[in-house]
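*Asks:* My questions all concern the structure below.
The values are calculated or read from the model by the stated rules, or taken from the named source; none is laboratory data. Bear in mind the structure is a predicted one, so any value in this text is a computation, not a measurement. Cβ placement follows ideal geometry from the backbone for every residue including glycine, while neighbour counts extend to all protein chains displayed.
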Amino acid sequence: MMGATLSRWTMSFFAAALLSLIMAEVLMILGVGYPTEGIADAGSLIVVHVTAIGWLSLLMCGALLQFLPVLVARTLYSDRLSLPALVALVTGLFALVLGFMQFGGIMQTQAPWFALAAVLLIAGFALILWNLALTLKEADEVPLPVWFVIGGLIAAVFTVGLGAVFATTLGGGQVGWMAVLTGAGVPVHAIAGLGGWLTFTAMGVSYRLLAMFMLAPDLSRPTTRLALILGSAALAIAVVGGIAVILADGNLTLALLAALVIGVAALVLYGFDIVFLYRKRRRPVIELNSRTAGIALASLAATVVLMLVLVAFGQLGNQIAAVVFLAAFGWLTGLGLSQLFKIVAFMTWLETYGPIMGRMPTPRVQDLVVEERARKWFWTYFGGTWTATLALLAGQALLFRVMVLVMLIGTLGLVAQFLRTRRLLDIDAAKRLPEGTRKPQLLISNAT
């Protein structure tokens with residue numbers, strides 16, 4: 001990574017993502033969405049999409065703009081496309097929220113918010129995908145973890161496409177097949193987004209980041225290849241097969257159960273690979289970001305176990321909100337926050353001290369953070385998340401809101417650490433900015 005080009009707008013993606021996470025948590029604390037409202041009510045749809053698009057998707061896009069070029073040893077095709085993509089995604093999400101408010105009768109207006117949201121979100125994701133695809137096109141070889149990312153990007157296309165179909169239908173579209181997909185395709189849309197775009201991509205990125213940050217060997221094991229094959233097959237059955245079954249008026253449940261069995265096998269193999277990375281690391285003391293990533297991975301395992309238990313007892317439909325919540329906030333958000341703790345420090349160090357490396361003493365990347373201070377905020381966040389999941393399972397709406405407040409406190413504590421890192425506040429003032437360096441901007445990275 002040394003000498004790599006920094007993505008100019010990645011920090012802006014991260015900032016917008018974190019603001020969306022805080023907004024989603026505040027909405028849940030205020031009683032917006034499930035379990036205070038129905039799972040298909042406007043408030044629930046708003047919380048889901050602020051989380052999925054505003055937080056997780058913007059986080060993933062920002063990370064890929066920085067790290068996909070590193071994974072394939074090529075520069076990003078165009079840094080200029082990043083800002084218009086970010087603007088389109090943020091404004092598209094805003095329009096989508098207004099559309100849901102209109103749909104739920106919260107706001108009385110005839111404005112075509114769903115149509116506008118579809119156009120903007122398609123444009124934003126298209127710019128991201130185009131940029132990443134052309135970056136991949138120039139690669140001499142594609143490492144195995146990148147194939148997971150490619151699978152996730154393909155799933156993103158289906159996720160956005162289905163979302164556009166739903167938005168068109170809710171906005172007044174009367175095409176028959178669109179109405180059929182809208183009526184039965186929500187599970188497929190959720191699997192394509194949560195399981196494909198976000199989880200499959202996170203698997204690929206985590207393979208490389210955990211190896212890099214723990215000084216572990218890059219993975220190209222038979223288990224890794226089999227996890228890729230099985231995960232891709234599961235997504236194909238659930239998404240492509242699911243769409244075909246819906247349009248043919250077939251049994252969607254059978255397709256989803258088949259995908260579940262294969263997908264669980266892929267996740268088990270992924271778990272074996274990650275344990276291998278931790279055991280083969282050359283860094284004797286595991287840093288906080290890697291320890292907390294392990295907690296997020298434990299949340300993924302808990303999500304899988306919970307889902308299988310609920311399927312066995314015939315309760316998955318009744319408790320699907322708890323499964324989705326644990327996957328989104330325990331696994332994906334936990335992993336995202338854990339890696340942000342290191343990524344923000346790494347990018348800030350590279351931007352500030354990279355230009356003088358080798359010419360004079362510089363702080364270490366780890367000197368930009370204070371693990372002891374951040375640790376309590378991670379435990380606060382994860383403790384709140386696990387207890388909130390139990391509250392959902394028990395149908396305790398008030399306890400759920402209180403625990404989301406605990407999650408918010410942990411989130412705000414971590415955001416404060418990210419800001420301190422970005423402003424170099426944990427570096428001794430006398431060593432903070434030696435000659436030849438400049439203070440980084442908060443939201444924009446200077447080219448290196």
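*Asks:* Could you please find all residues in segment 343-367 being in a helix (DSSP H, G or I) and polar (S, T, N, Q)? Reasoning before the result, please.
*Replies:* Applying the first criterion (in a helix (DSSP H, G or I)) to segment 343-367 yields 343-356, 365-367.
Those that are in a helix (DSSP H, G or I) and polar (S, T, N, Q): T348, T352, Q366.
*Asks:* Shifting gears a bit: Residues that are assigned by TED's automatic domain parsing to the domain that holds A117, on the phi > 0 side of the Ramachandran plot and surrounded by 18 or more Cβ atoms within 10 Å (Cβ to Cβ): find the helices (runs of 4 or more DSSP H) completely inside segment 11-107 holding 3 or more of those.
*Replies:* On the way: elements: 42-49, 58-72, 82-103.
Counting at least 3 such residues, we get no helices (runs of 4 or more DSSP H) at all.
*Asks:* Here is a list: Y353, Y381. Which entry is among the hydroxyl-bearing types (S, T, Y), over 19 Å from A17 (Cβ atoms) and not assigned by TED's automatic domain parsing to the domain that holds L59? If you could, list the steps in order and put the result at the bottom.
*Replies:* Working: Y381 fails: over 19 Å from A17 (Cβ atoms).
Exactly one residue qualifies, and that residue is Y353.
Listed here are the residues, each with its yes/no results for (1) over 16 Å from the mean Cα position of the chain (by Cα); (2) outside the structural domain of I191 (by TED's automatic domain parsing); (3) more than 28 Å from H49 (Cβ to Cβ); (4) among the β-branched types (V, I, T).
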| position | (1), (2), (3), (4) |
| --- | --- |
| L252 | yes, no, no, no |
| L269 | yes, no, yes, no |
| A296 | no, yes, no, no |
| S299 | no, yes, no, no |
| A302 | yes, yes, no, no |
| V311 | yes, yes, no, yes |
| G317 | yes, yes, no, no |
| F325 | no, yes, no, no |
| L332 | no, yes, no, no |
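*Asks:* How many residues does segment 402-438 contain that are under 16 Å from M360 (Cα atoms), surrounded by 16 or more Cβ atoms within 10 Å (Cβ to Cβ) and without any contact (Cβ under 8 Å) to a residue 40 or more places away in the chain?
*Replies:* Residues meeting the conditions: 0.
*Asks:* Specify the residue that is farthest from the chain's Cα centre (by Cα); the eligible residues are those in segment 367-395 that are of a type in the set (S, T, N, Q) and under 15 Å from T292 (Cβ atoms).
*Replies:* If we filter segment 367-395 for residues that are of a type in the set (S, T, N, Q), which is where we start, we get 380, 385, 387, 389.
Filter again for under 15 Å from T292 (Cβ atoms), leaving 380, 385.
On the way: T380: 20, T385: 16 Å.
Ranking the candidates gives T380 first.
*Asks:* A further question follows. Among the residues of segment 173-226, what is the count of those that are closer than 20 Å to G99 by Cβ and over 18 Å from the mean Cα position of the chain (by Cα)?
*Replies:* Of the residues in that region, 10 qualify.
*Asks:* Being in contact with an Asp or Glu (Cβ under 9 Å, 6 or more places away or on another chain) and either surrounded by fewer than 21 Cβ atoms within 10 Å (Cβ to Cβ) or farther than 19 Å from A301 by Cα (or both) is true for just one of A233, A211, A244, A216. Which residue is that?
*Replies:* On the way: A233 fails: in contact with an Asp or Glu (Cβ under 9 Å, 6 or more places away or on another chain); A244 fails: in contact with an Asp or Glu (Cβ under 9 Å, 6 or more places away or on another chain); A216 fails: in contact with an Asp or Glu (Cβ under 9 Å, 6 or more places away or on another chain).
None of the others qualify; the one that does is A211.
*Asks:* Checking V285 against (1) free of Cβ contacts under 8 Å to residues at least 40 places away in the same chain; (2) under 22 Å from V304 (Cα atoms); (3) not aromatic (F, W, Y): exactly one of these is not met. Which one?
*Replies:* Checking V285 against (1) free of Cβ contacts under 8 Å to residues at least 40 places away in the same chain; (2) under 22 Å from V304 (Cα atoms); (3) not aromatic (F, W, Y), the one that fails is (2).
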